[in-house]
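Asker: Below is one structure. I have some questions about it.
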Amino acid sequence: MEEPGESALPSLSATGWALLGMLSYEKELSGYDIRKWIHWSMRFFYGSPAFSQIYAELKKLEALGLLTSRVDGGGARNRRLYKITESGLTAVARWARETPVEPPSLKHPAILRITLGHLSDPAALKAMLREHLAYVDEMQRDAEKEVRSADADPAWAYAKIALNWSERYYRAERQLTLQLIEDLEDAEARFPAVGDGGKVPWPDPAYWYEIERKADAEED
């Protein structure tokens, strides 16, 4: 028989746990409040879910008994407020303390374009990277601003630590992007020439496996 409090954690998406975390300060918040907080504190490293996703997750959390909600006000100005329950607070605290951190999932569209560079050309790839660089610069500036905002209240100390990490991340991403542009310029002269039909010749799969065997042999 399971001891009280030791039952399995509910199966929630990462967004669901994030929403419970937002409510773990035990204040009543509207869906709009939660969305604003997530956009302020989490968009730099986890994304910013749409309102529709937030409300769908809140409905699921309420059905599981992890939070409650009530309608505040009347008429067109009413709003639904959400508050974490004791079981919700216990669950999210256990999740934060005990659940192993899964490996980060990196999906980098710019690097995917580089990998498929045989379908493009160096000039187009460098132009794409400059656009990416403008995005990175904007995110770094925003993170710096939010770090300053987090100084307003000691209760935001942990959020500030995450925001500091975010600013450093985008600063490093800027340097990596500049290096990519340099790499493209340095390697441009060595790119395979376009063959008949306007395509870069692609090695036969048997050649891939030959190279793999040689690499494995070098490690033995």
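Asker: In whole percent, and with a 1.4 Å probe on the protein chains, what portion of the accessible area of the chain is carbon and sulfur?
Answerer: On the chain, the fraction of accessible area on carbon and sulfur atoms equals 56 percent.
Asker: If the only charges are +1 at each Lys and Arg Cβ and -1 at each Asp and Glu Cβ, what is the size of the charge dipole of the chain around the Cα centre, to the nearest 20 debye?
Answerer: 1360 debye
Asker: Under a plain spin-label model, where a point goes 7 Å from the Cα along Cα-to-Cβ, how far apart in nm are residue 204 and residue 138?
Answerer: If labels sit at residue 204 and residue 138, their model points lie 4.8 nm apart.
Asker: Sticking with this structure for a sec: Give me the accessible area per residue for segment 14-98, probe 1.4 Å, as a whole number in Å².
Answerer: 56 Å²
Asker: Also, quick follow-up: Kirkwood Rh, Cα Rg: Rg to Rh for the chain?
Answerer: Ratio of gyration radius to Kirkwood radius: 1.11.
Asker: Could I have the simple spin-label model distance between residue 79 and residue 149, label points 7 Å from Cα toward Cβ, reported in nm to one decimal?
Answerer: Computed distance between label sites residue 79 and residue 149 equals 1.6 nm.
Asker: Keeping all protein chains in position, work out how much accessible area residue 90 exposes to a 1.4 Å probe, and write it in Å² to the nearest 10.
Answerer: It works out to around 70 Å².
Asker: Excluding same-chain pairs closer than 8 in sequence, count the lysine pairs in the chain whose Cα atoms lie under 18 Å apart.
Answerer: 9
Asker: Additional query: What whole-number value in Å² describes the accessible area per residue of segment 109-195 for a 1.4 Å probe?
Answerer: 65 Å²
Asker: I need the trypsin sites (Lys or Arg not before Pro) found in segment 49-147, filtered to DSSP loop residues with at most 11 other beta carbons within 10 Å of theirs.
Answerer: Filter output for segment 49-147: 107.
The values are calculated or read from the model by the stated rules, or taken from the named source; none is laboratory data. Small disclaimer: the values here were computed from a predicted structure and weren't measured. Don't worry about glycine lacking a Cβ; one is built from the backbone with ideal geometry, like all the others, and counts go over all protein chains shown. Keep in mind that these areas ignore ligands, DNA and RNA; they rest on the heavy atoms of the full protein, side chains included. Shrake-Rupley method; radii C 1.70, N 1.55, O 1.52, S 1.80 Å.
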